[in-house]
1. Let me spell it out: the conditions are (1) part of a loop (DSSP other than H, G, I, E, B); (2) charged (D, E, K, R); (3) away from the ligand (no atom under 14 Å from the Cβ), and D698 meets all of them except one. Which number is the exception?
2. Does the stretch 339-385 hold any residues that are away from the ligand (no atom under 16 Å from the Cβ) and among the acidic types (D, E), and which are they?
3. So, of the residues in the stretch 483-494 that are open to solvent by less than 10 Å² (accessible area, probe 1.4 Å) and not in a loop (DSSP other than H, G, I, E, B), which turns out to be farthest from F535 (Cα to Cα)?
4. Among the numbered criteria (1) open to solvent by 20 Å² or more (accessible area, probe 1.4 Å); (2) farther than 30 Å from G699 by Cα, which single criterion is violated by E387?
5. Closer than 24 Å to S672 by Cα and part of a helix (DSSP H, G or I): does that describe P773?
6. Among the residues of the stretch 390-408, are any buried (at least 16 other Cβ atoms within 10 Å of the Cβ), within 16 Å of the ligand (Cβ to nearest atom), under 32 Å from the mean Cα position of the chain (by Cα) and of a type in the set (S, T, N, Q)?
7. Please enumerate the residues belonging to the stretch 423-437 that are assigned to a loop (DSSP other than H, G, I, E, B), touching a helix residue (DSSP H, G or I) at 6+ places or on another chain (Cβ under 7 Å) and open to solvent by 40 Å² or more (accessible area, probe 1.4 Å).
8. Can you pull out every residue in the stretch 648-680 that is of a type in the set (A, V, I, L, M, F, W, C), within 16 Å of the ligand (Cβ to nearest atom) and under 27 Å from P605 (Cα atoms)?
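The values are calculated or read from the model by the stated rules, or taken from the named source; none is laboratory data. None of these values were measured; they are calculated from a predicted model. Note that each Cβ is placed from the backbone with ideal geometry, even for glycine, and that neighbours are counted across all protein chains shown. Ligands, DNA and RNA are excluded from the accessible area calculation, which covers all protein heavy atoms including side chains. Shrake-Rupley method; radii C 1.70, N 1.55, O 1.52, S 1.80 Å.
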Amino acid sequence: MALVSSVTGIPIVTRPLQHPAPGDVTPDRAEIEAWKQAFRKNLFYVLGRFQATATVNDKYLALAYSARDRLLDRWVKTSETYYRAKVRTVAVLSAEFLLGPHLGNTLVNLGAFDTARQAMEELGLDFAGLLDQEEEPGLGNGGLGRLAACYLDSLATLQIPSIGYGIRYEFGIFHQHIRDGWQIETADKWLRLGNPWEITRPEIAFDIGFAGHTEPYTDANGRCRVRWIPGRVVRSTAHDTAIPGYRVNTANLLRLWSAQAVNSFDFASFDVGDYYGAVEEKVASETISKVLYPNDSAVRGKQLRLEQQYFLVSCALQDMMRIHLQTAPDPSRFHEKYAVQLNDTHPALAIAELMRILLDDHGMEWEPAWAITQQTMGYTNHTLLPEALETWSVGLFASVLPRHLELVYEINRRFLDEVRRRYPGDDDRIRRMSLIDESGHRSVRMAHLACVGSHAINGVAALHSELLRRDVLRDFSALWPDKFRNVTNGVSPRRFMMLINPALTRLLTEAIGPAWTRDLDALRALELLADDPAFRAEWGGVKRRNREALAAEIGRKTSVAPDPASLFDVQVKRFHEYKRQHLNLLHVITLYHRLKHDPGCAAPPRTVVFAGKAAPGYMMAKRIIKLVHCVAEVVNNDRSTSDRLRVAFIPDYNVKHSERIFPGADLSEQISTAGKEASGTGNMKFALNGALTIGTLDGANVEIREAVGADNFFLFGMTVEDVRRRLAAGYRPYEHYRADEELRAVIDAIADGTFSGGDRELFKPIVDNLLGPDPFMLLADYRSYVDCQDEVGHAWGDRDRWTRASILNVARMGPFSSDRSIREYCRDIWHVKPVPIGD
Ligand code: NBG
């Protein structure tokens, strides 16, 4: 029987599950016709348009609704199955989900990419233009938010019951514009043209309390209890988005919350003519879900941020309890129903909130409530940077969440008793481990709360997990060694290969069959082909065409016209001193000097590409962006070198732009100071698309290098141990400056105004820092980096060797699929099993 969409009344074609990857085989005629019909009907009935006058956005929406109709079918079946099966569900709590555009990825996962393309082309539409029309939901800053999105994709693909809970920020990550080489930010009004992917559920709404006070009382059984009387209440609304798995019937739920006022108008104020007073509450309440905090680390001390965090966890846990109680009368089995993963400490308040719900709302006793909470929660740490470990001042905490502060104190009291029992008389340890930092202004340490309240704690790459155990969470690891684990990050091969690199996808499938699309480890079969000259030639051809596409993209977005035959040397990520974009620049200037003074030198033509945003308040990072532009200006306009070296900065880096960059890159810059980058995931996306990495032994670089082989990875720089030793011995950058003539020339050129029209002040803060207290020790790694870049140039000269290494990189990227990461979370932390959804 034909299914009909409940929203549009349009027939839904349920697709056969074995469908080709993009560009694989000729799509089925009936399917193409069905997509054309769905498109026309959606354009007419949902948008009220006809094709001749419809805007590109109308057409994008019509295609998006056609895809969503197909998703809804899977989605409803999935929730029905989960409801009946009463299965354990993973809840990913995350302040960020950096989803990227939905349409292309949805089509890939539905196995309908080519069908939809052909249908649109037959209607005379520009399919790529329609995909491009989508304004991506930029509800994240960078790696952490994108990882959460890749994990949702893998959870659905692996048929694991799961819900993602987050905030529906009205304004996502800011847009970056470049004016005179400086970053300018504007608001991201991503909802302006409508969001066809979400379904708003006004009936799924909760009251979220803030501030006020608490009162003790005696309940009907004569037990002492506490009641929280909030001073303010905000109402939440759920907005649901379906997350389809790849070629399975599963479509899981992403539920994002927006905040509304409980009363939109205060009629008492309105009556006395105070119109603005009347809407004040509405404005204040809605501010909570207004805007994503744009920092990728060190967000600190802002009341609104604390309110956002509580809003998220309270909505999520109230919703989870509501769902749980639909089928089980007993809140004491909550942990059997849910495995909650805390994505960094941003949702760590969930620990106190679940305790509040169990104690205050459901009248449970402390011990069972605590056991449930601990068995429910898992905590993933994403950073080693001390400034990124969240703390909240006790005063602020008390004023926003008075009841939760009491709970935190009680959790702490019991926890410290345990520590005292284990380590009698060790007061220093008590001070270090306490949930409350008593030095200076008293503050709540969210990472400690997360550790104490969770049954599992993990880092995101082997080295990072080891450093967590050894340094940042050393005392916790000594107390509970069994709680600690590592789960190395991964990326979705659907989005970061099949969608973005159709040419390579096709070549891979032709060469080794389609098994790799479900099991990335199957790419290993490519190893046999790495020495096949014909295959290498095809590989080189794909790479060249991708490079041409990237060159064209750079031409559209900047004033630079790169040579597609040059080496594309790419660093795209947030701008941060620890990621060391300025080390890359020191190399660019070195190369520039060599080309000027010794035109006969062996350096091959290079295009150095940068992209990334800086946190709006992070002046040093913004100045580094300015330096990129100033160096580019000089280098690109110097006729004597510009055929050998070009520098481009692609503005407004986001998921959509990243998708155009990875396939065309030859060299991936992963050059953070060892011990600073928790994992990195861009490093995986580049390698998966056949770029070779130049990198330090940091984050997941270590494992990537082990996987692809030392010969196929350009390693340089200090190790974590070297960094530690150097720091202990006293880092003296001037010694490097004095001893290395090339380095001296580079630093002097930045300082003397060569790149700033003679202005010696502009980059003084950078120079002073490099020669002064620079904790990221660029100058200590400079020589090793530049020499390694020489090796890169040399290897690029031997194109056959390079191509072989590129093939081997891809062949060995199986372990970096987010499917592998999710399997490990399921096995080691969540203890959940797949629940397949039938036809
Ligand atoms: C980031 C790390 C990255 C890591 C991602 C995802 C934060 C706090 N951390 O190295 O800096 O790849 O998390 O785990 O954004």
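1. (3)
2. So the first thing to find is which residues in the stretch 339-385 are away from the ligand (no atom under 16 Å from the Cβ), and the list is 339-340, 349-377.
Within the stretch 339-385, E353, D360, D361, E365, E367 qualify.
3. The extreme case among them is V491.
4. All conditions pass for E387, except number (2).
5. Working: closer than 24 Å to S672 by Cα: yes; part of a helix (DSSP H, G or I): no.
Judged against the criteria, P773 is not a match.
6. Taking every residue of the stretch 390-408 in turn, at least one turns out to be buried (at least 16 other Cβ atoms within 10 Å of the Cβ), within 16 Å of the ligand (Cβ to nearest atom), under 32 Å from the mean Cα position of the chain (by Cα) and of a type in the set (S, T, N, Q).
7. To start, the set of residues in the stretch 423-437 that are assigned to a loop (DSSP other than H, G, I, E, B) comprises 423-426, 434-435.
Adding the requirement that they be touching a helix residue (DSSP H, G or I) at 6+ places or on another chain (Cβ under 7 Å) leaves 423, 434-435.
The one that is assigned to a loop (DSSP other than H, G, I, E, B), touching a helix residue (DSSP H, G or I) at 6+ places or on another chain (Cβ under 7 Å) and open to solvent by 40 Å² or more (accessible area, probe 1.4 Å): Y423.
8. The first filter runs over the stretch 648-680 and keeps only residues of a type in the set (A, V, I, L, M, F, W, C), leaving 648-650, 655, 661-662, 665, 667, 671, 674, 678.
Still in the running and within 16 Å of the ligand (Cβ to nearest atom): 655, 662, 671, 674, 678.
If the condition is that a residue be of a type in the set (A, V, I, L, M, F, W, C), within 16 Å of the ligand (Cβ to nearest atom) and under 27 Å from P605 (Cα atoms), then F662, I671 are the ones that fit.
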